[in-house]
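Enquirer: One structure coming up, written as structure tokens, with questions to follow.
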Amino acid sequence: MATAGAAGIEMAHDSYSDAYIREILQTVKVVAMVGASANWNRPSYFAMKYMQEKGYRVIPVNPKEAAAGTVILGEPAVATLDDIDVPVDMVDCFRNSDAIPPIADDAIRIGAKVLWLQLGVRNDAAAAKAEAAGLKVVMNRCPKIEYGRLSGEIGWFGVNTGVISSRRKRVV
């Protein structure tokens with residue numbers, strides 16, 4: 001489905017250009033990660049660690065972790081986006097699709113520039129509202145994966161290089 005983007009341009013959320021994703025990843029510096037986990041084997045933990053290693057400041061947003069006073073990868077967890085005391089460039093959501101509308105409202109209110117919904121997460125109504133407020137929106141993508149893909153880093157690990165294959169060797 002397509003929605004009108006920040007400049008009134010129709011945005012197809014089933015397909016993003018590399019230039020669109022690259023521009024976001026190059027301009028964002030501070031990421032609020034909603035649904036971040038202190039559990040080292042959760043996808044949000046891996047994504048947070050990777051993004052920090054690439055120079056982003058990633059602030060974990062998780063009410064349970066904040067109530068416990070948890071520090072995740074050197075950043076104290078906060079309960080809500082409103083608890084962040086620095087300007088946020090991107091809100092990265094590790095929550096299910098039904099939880100996105102209030103997060104989009106919060107992202108708009110705090111002045112974020114990007115609302116990014118993780119793999120498997122899509123909410124067209126929230127995306128349209130965020131875009132109408134001037135935010136860029138990405139749905140059903142992971143910034144960690146997109147960063148690796150666009151930087152060529154994924155290829156270094158054997159993906160799509162032909163070095164690693166699931167094909168069995170033919171016995172002659």
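Enquirer: Going by how many other beta carbons lie within 10 Å of each one, how would you line up M33, M139, fewest first? Spell out each step's value before the answer.
Expert: On the way: M33 28, M139 23.
In increasing order of surrounding Cβ atoms, one gets M139, M33.
Enquirer: Which three numbers, in whole Å and largest first, are the semi-axes of the equivalent ellipsoid of the stretch 27-154 derived from its Cα gyration tensor as √(5λ)? Show your work: numbers first, answer last.
Expert: Values: eigenvalues 79, 66, 37 Å².
Rounded to whole Å, the semi-axes are 20, 18, 14.
Enquirer: Loop only per DSSP, at most 16 neighbouring Cβ atoms within 10 Å: give me the chymotrypsin sites (Phe, Trp or Tyr not before Pro) in the stretch 9-44, ordered by residue number.
Expert: Details: sites: Y16, Y20, W40; in loops: Y16, W40.
Sparse-neighbourhood loop chymotrypsin sites (Phe, Trp or Tyr not before Pro): W40.
Enquirer: Tally the DSSP beta bridges in the stretch 27-154 and give the antiparallel ones as a percent, rounded to 5.
Expert: Numbers: 2 of 19 bridges.
Just about 10 percent of them are antiparallel.
Read-outs: derived from the displayed coordinates by stated rules, not from any lab. Note that the coordinates shown come from a computational prediction; the quantities given were computed from them, not determined experimentally. Don't worry about glycine lacking a Cβ; one is built from the backbone with ideal geometry, like all the others, and counts go over all protein chains shown.
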